[in-house]
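> Following this message is one structure expressed as structure tokens.
The values are calculated or read from the model by the stated rules, or taken from the named source; none is laboratory data. This one's a predicted model, so the numbers in the text were calculated from it and none came from an experiment. As a convention, Cβ positions derive from the backbone with ideal geometry for all residues, glycine included, and neighbour counts pool all protein chains shown. Keep in mind that these areas ignore ligands, DNA and RNA; they rest on the heavy atoms of the full protein, side chains included. Shrake-Rupley method; radii C 1.70, N 1.55, O 1.52, S 1.80 Å.
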Amino acid sequence: MNIKMVNLIDQYSKIKSEIDNSIQEVINTSQFIKGEKVQQFQFNLENYLNVNKVITCANGTDALQIALMALNLKPGDEVIVPSFTYVATAEVIGLLGLTPVIVDVDEKTFNLTGKIVKKAITEKTRLIVPVHLFGQCADMESIMDVANKHQLKVVEDTAQAIGADYTFSNGKRVKAGCMGDIGTTSFFLPKIWDVLEMEGLCLQMIWNWQKK
């Protein structure tokens, strides 16, 4: 029996009519950038994540770059990033003249922990980029504790865990991407169709998590 790792056709067939109708509506209006569907998608995602603002952009790499640019980092500043991630996570760090500090990940979760991050901090460290993988969050409670102690910014890459919940030791539950200063994601079809049931185009965005 041939079992495919990713079966996009099967996923698509389950919601084919919804996708086809939404795509046709966009084509009919020819509003391919910031059109009604995109605006509705932003609104739906803001409500789903309970965040102040979702901003759509071209792709997940751009989302990461915009997030880092928004933090006013300076060339030479160090950014802690996991070794087990897609190249774009580290690519944008170098693109902006920053220094990626690549660290290993926890062998059980393949994610960062506060203990790992703490060992990599120097006087030049300014940012931590946890990458949530396989639908599970990094150990954000310990990471945020380290970040707060050392006055570091945190940008979450949730491309592989959009919709995941993280539970703090006090019982508080927060969505992935809504714990650091900025969260980014990339809606590659295999990981989004099973998580969010939303109309419109699957786009990438960053969001500010501080909605009261």
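> Any residue at all in the range 5-18 that is among the aliphatic types (A, V, I, L, M), part of a helix (DSSP H, G or I) and either open to solvent by 90 Å² or more (accessible area, probe 1.4 Å) or closer than 30 Å to Y166 by Cα (or both)?
Yes, the range 5-18 contains at least one residue that is among the aliphatic types (A, V, I, L, M), part of a helix (DSSP H, G or I) and either open to solvent by 90 Å² or more (accessible area, probe 1.4 Å) or closer than 30 Å to Y166 by Cα (or both).
> Touching a strand residue (DSSP E or B) at 6+ places or on another chain (Cβ under 9 Å), hydroxyl-bearing (S, T, Y), part of a strand (DSSP E or B) and surrounded by 14 or more Cβ atoms within 10 Å (Cβ to Cβ): which single residue out of T61, T85, T89, T56 fits that description?
T56
> Looking at Q39, is it part of a helix (DSSP H, G or I), open to solvent by 90 Å² or more (accessible area, probe 1.4 Å) and without any contact (Cβ under 8 Å) to a residue 60 or more places away in the chain?
yes
> Can you tell me which of D106, D62 is farther than 18 Å from G177 by Cα, in contact (Cβ under 8 Å) with a residue 12 or more places away in the chain and within 23 Å of the chain's Cα centre (by Cα)?
The conditions single out D106.
> If you don't mind, another one. Cβ contacts < 8 Å: first residue at negative phi, restricted to the range 70-81; second residue assigned to a loop (DSSP other than H, G, I, E, B) and among the acidic types (D, E), any location; separation 6+ or different chain. Result?
L71/D181
> Identify the single condition in (1) over 27 Å from N44 (Cβ atoms); (2) within 19 Å of the chain's Cα centre (by Cα) that P130 does not satisfy, given that it satisfies every other one.
Checking P130 against (1) over 27 Å from N44 (Cβ atoms); (2) within 19 Å of the chain's Cα centre (by Cα), the one that fails is (1).
> Of all residues being within 26 Å of the chain's Cα centre (by Cα) and part of a helix (DSSP H, G or I) in the range 19-36, which is surrounded by the most Cβ atoms within 10 Å (Cβ to Cβ)? Just the residue, please.
This residue is I19.
> Taking the condition over 24 Å from L45 (Cα atoms), modelled with pLDDT of 95 or more and not basic (K, R), does A138 pass?
So A138 does not fit the description; no.
> Something else: Given the conditions (1) aromatic (F, W, Y); (2) more than 26 Å from M5 (Cβ to Cβ); (3) modelled with pLDDT of 50 or more; (4) within 10 Å of the chain's Cα centre (by Cα), which single one is not true for F187?
(2)
> For the range 64-82, give me each residue that is open to solvent by 40 Å² or more (accessible area, probe 1.4 Å) and in a helix (DSSP H, G or I).
Q65, I66, M69
> Just for strands (runs of 3 or more DSSP E) wholly inside the range 104-192: which have at least 2 residues that are open to solvent by less than 10 Å² (accessible area, probe 1.4 Å) and out of contact with any Ser or Thr (no Cβ under 9 Å at 6 or more places or on another chain)?
Fully inside the range 104-192 and qualifying: 125-128.
> Same structure, new question: Within the bounds of the range 107-118, is there any residue that is over 20 Å from G60 (Cα atoms), among the acidic types (D, E) and at pLDDT 95 or above?
Scanning the range 107-118 turns up no residue that is over 20 Å from G60 (Cα atoms), among the acidic types (D, E) and at pLDDT 95 or above.
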